[in-house]
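**Student:** The structure's right below; bear with me while I get my questions together.
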């Protein structure tokens with residue numbers, strides 16, 4: 001684990017210095033900041049707008065960052081051939097894979113914390129300090145982002161960047177639709193359609209589970225029990241995905 | 001018993017459904033402790049494939065590798081190996097000392113030892129003045145030198161060097177050659193791949209000639225010159241390769 005941590009920190013340091021992620025971060029700040037522009041609304045509506053836009057923004061840009069970093073994390077090592085030197089050192093391929101994942105989490109965490117601080121700052125500026133529901137929403141968004149990163153990183157162990165990018169975005173979209181798909185499966189008489197949506201609902205990560213922002217924006221309280229269950233779902237899914245990634249990186253010819 | 005033992009090592013690359021390319025075919029050789037063993041061969045002869053197999057970067061199709069009595073994937077064994085890849089590429093945004101520190105930590109060396117070695121190695125490869133420069137600003141020769149330094153950060157028993165003088169100017173080549181001889185005197189075993197015949201001729205105790213994935217011959221230079229009735233290494237090299245291409249003979 002110590003070696004994985006060293007590799008993760010190195011990944012984090014490199015990403016910080018590349019500065020490409022800052023562009024996404026700046027765009028996110030601009031969008032979150034722009035939510036304040038709806039001053040023609042009532043104070044309450046404006047606050048809802050700020051929360052809604054900010055949550056969506058942290059979620060969307062966080063997902064973009066998660067996909068972008070995880071996508072290039074392994075392929076860069078192979079393309080630049082730094083992986084040859086790394087694999088000649090006393091590390092296992094699992095150390096390498098877990099290390100890359102730690103790197104992804106650290107970069108995600110930094111970006112997430114910065115976006116969240118900006119959002120919370122905006123709320124405080126609007127004289128509406130964040131309550132616990134805000135933090136619950138943020139916690140689930142971060143869990144989802146880590147899951148997205150883990151899935152993209154796992155795909156990177158066996159697929160090309162182009163395939164990975166398309167597949168990860170596809171998963172992101174489908175992952176938000178599986179609940180609706182399941183409802184279609186329950187209602188339809190068509191066996192093929194029912195089977196298709198049921199399989200998709202079982203296999204594809206249900207990202208909609210992590211989405212409580214609509215409820216929170218409208219002031220509905222979400223229980224800790226729900227947060228706990230969804231977090232466990234995310235972590236279990238992540239565990240399985242990382243095991244698959246670990247298997248493929250072990251098998252891969254470099 | 002050699003410090004490195006390679007037995008009937010074969011590597012096939014599978015390209016597509018029905019296309020198999022020979023990377024290495026039934027190669028066997030030993031490297032003795034304290035010697036400099038040179039692997040010679042034209043481009044695409046299997047030199048780099050052989051080194052990658054030894055380091056556990058590639059999986060062999062068949063055959064056995066033993067290094068210090070362990071297989072090539074053994075983590076403890078790898079603590080005794082230093083490796084310089086061909087045309088080394090490193091993490092662009094790190095400085096030389098940061099790169100050495102990163103690798104040193106992977107060897108689980110204490111910080112004090114790492115810092116001492118970084119200082120020593122930067123002076124050794126003459127990069128102490130470039131310590132604040134990110135690697136993306138390094139010239140090819142500087143990258144080669146920081147690569148050499150990184151291969152020595154763990155004070156290895158065995159050094160595996162893939163084309164160590166590529167990209168170096170003539171003075172850099174001479175300095176590297178002298179360094180290899182110095183390292184040999186310190187007791188290190190060096191496995192060196194190169195297509196620069198003069199380099200190999202000057203530093204290697206024994207050589208192996210590879211071609212198209214086959215090990216054509218191996219031994220001391222004087223033995224091989226006598227055996228093939230050759231006029232120096234260049235003549236030996238040409239003769240063995242031509243003989244193989246004509247008859248497909250492998251010794």
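**Student:** Run the helix sum for chain A: -39,500 (n - 2.57) per DSSP H stretch of 4+ residues, divided by residue count, reported at 222 nm to the nearest 500 deg cm²/dmol.
**Tutor:** Calculated at 222 nm, the ellipticity per residue is -27500 deg cm²/dmol.
**Student:** Still on this model: Determine one quarter of the surface area of the Cα convex hull of chain A, which equals its mean projected area, and express it in nm² to one decimal.
**Tutor:** Over every viewing direction, the Cα hull of chain A projects on average to 15.7 nm².
**Student:** In Å and on Cα atoms, what radius of gyration and Dmax does the stretch B:89-155 show?
**Tutor:** When restricted to the Cα atoms of the stretch B:89-155, Rg and Dmax are 10.6, 30 Å.
**Student:** While we're looking at this one, here's another question. What residue among A:205, A:90, A:130 has the largest mean-square fluctuation in a Gaussian network model of chain A, using Cα springs under 10 Å?
**Tutor:** A:90
**Student:** Sticking with this one: Would you mind estimating how fast the stretch B:23-79 diffuses translationally, via Stokes-Einstein at 10 °C and 1.306 mPa s with the Kirkwood radius over Cα pairs, in µm²/s?
**Tutor:** 128 µm²/s
**Student:** Would you please state which residues of the stretch A:143-161 a label at residue A:23 would reach in this model, taking the label point 7 Å out along Cα→Cβ and a backbone N cut-off of under 19 Å?
**Tutor:** A:161
**Student:** Related question: Compare the peptides B:121-132, A:144-155, A:53-64 by average per-residue count of other Cβ atoms within 10 angstrom and give them in order, highest first.
**Tutor:** A:144-155, A:53-64, B:121-132
**Student:** Further question on the same structure: DSSP beta bridges in the protein assembly as shown, what fraction antiparallel, as a percent rounded to 5?
**Tutor:** 55 percent
**Student:** If I take the Cα coordinates of the stretch A:1-120 and project them onto the principal axes, what are the three extents in Å, biggest first?
**Tutor:** 63, 25, 18
**Student:** Pick from A:120, A:102, A:203: which residue has the top mean-square fluctuation in a GNM of chain A where Cα pairs under 10 Å get a spring?
**Tutor:** A:203
**Student:** Right, here's the next one. Could you work out the mean count of beta carbons from other protein chains within 10 Å of each residue's beta carbon in A:86-96?
**Tutor:** Other-chain Cβ atoms within 10 Å of each residue's Cβ, averaged: 6.
**Student:** Using only atoms on other chains, find how many Cβ atoms lie within 10 Å of each Cβ of peptide A:2-13 and report the average.
**Tutor:** 3
**Student:** How far is the Cα center of the stretch A:107-160 from the Cα center of the stretch A:203-235, in Å?
**Tutor:** Taking the Cα centre of each part, the stretch A:107-160 and the stretch A:203-235 sit 13 Å apart.
**Student:** Roughly what percent of Cα-Cα pairs across the stretch A:53-168 reach past 21 Å?
**Tutor:** Roughly 44 percent, once rounded to a whole number.
**Student:** Checking a compactness column here: for chain B, what do you get for Rg(Cα) / (2.2 N^0.38 Å), N being the number of residues?
**Tutor:** Normalised Cα radius of gyration, chain B: 1.03.
**Student:** Where does helix B:170-185 land angle-wise versus the long Cα axis of chain B, in degrees 0 to 90, nearest 10?
**Tutor:** Orientation of helix B:170-185: about 90 degrees from the principal axis.
**Student:** Additional query: Just the projected area, averaged over all directions, of the convex hull on the alpha carbon atoms of the stretch B:1-147: how many nm²?
**Tutor:** Over every viewing direction, the Cα hull of the stretch B:1-147 projects on average to 10.8 nm².
**Student:** Ok, one more. Can you give the Rg to Rh ratio for the protein assembly as shown, taking only C-alpha atoms and Rh from Kirkwood?
**Tutor:** Radius of gyration relative to Kirkwood radius: 1.09.
**Student:** Still on this structure, I have one more. Gaussian network model of chain B, Cα springs within a sub-10 Å range: biggest mean-square fluctuation belongs to which of B:71, B:229, B:154?
**Tutor:** B:229
Coordinate-derived values only; no laboratory data. From a predicted model like this one, the values you see are computed outputs, not experimental measurements. FYI the Cβ positions are ideal-geometry reconstructions off the backbone, even for glycines, and counts take in every protein chain you see.
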